[in-house]
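All remarks here apply to the structure that follows.
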Amino acid sequence: MRQLVSLARTFVGRVLALGLLTLAAMLPLAGLSFLLGRSPKQSRSPHRIVWGCISVALDFAFTFVTPALALTTRSVRGTLRIGGSMLRRTWPRSALYDLFPPLALRVNSLAYPANLPMLELIAAAGLTVVGLLAKDATVAFYLREILVNHQDGAARL
């Protein structure tokens, strides 16, 4: 347990930095959505579809960024380069890791928005579990493709 907490502490800063970078990229879109008077949470809003497409695009682009951030380098810019190059280098072998999980989860949550709180909770929990399993498979693919022996990574394998 102590090792897990110690390892988690090493990830916090870099994950927050990546999150802030992503947030900065999303702020103009959120501002535009606010100015147009629509919330991305409205179930029948065209903005909901646009936000879903943006979410799928970001999930696709960041497929290998998070494993690189955890296992290869502490640099957020470095992870973006590594993730992008791995996406190009392994395509189309990585297509299932790149496309299926984010696309299936986002389309499912957009197509069938839950109106009942309990149903929404059950759907969110189920989609979270499926998403975590897909991320685990993505990390396994990353480890098969990239030799992880860098001193800069947080996880020591």
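The values are calculated or read from the model by the stated rules, or taken from the named source; none is laboratory data. None of the values given here were measured: they were computed from a predicted structure. Don't worry about glycine lacking a Cβ; one is built from the backbone with ideal geometry, like all the others, and counts go over all protein chains shown.
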Test: THR79 is among the β-branched types (Val, Ile, Thr), crowded, with 17+ Cβ neighbours inside 10 Å and either farther than 18 Å from LEU20 by Cα or touching a Leu at 6+ places or on another chain (Cβ under 6 Å) (or both): yes
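For every residue, the table says whether it meets (1) surrounded by fewer than 18 Cβ atoms within 10 Å (Cβ to Cβ); (2) modelled with pLDDT of 80 or more.
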| site | (1), (2) |
| --- | --- |
| ALA61 | yes, yes |
| SER94 | no, yes |
| ASP98 | no, yes |
| ALA123 | yes, no |
Condition met for VAL56 (under 26 Å from VAL76 (Cβ atoms), in contact with a Leu (Cβ under 9 Å, 6 or more places away or on another chain) and at pLDDT 70 or above): yes
Residue in the stretch 73-85 that is within 21 Å of LEU132 (Cβ to Cβ) and at pLDDT 70 or above present: yes
Residue check for ARG48: over 28 Å from ARG9 (Cβ atoms) and at pLDDT 85 or above: no
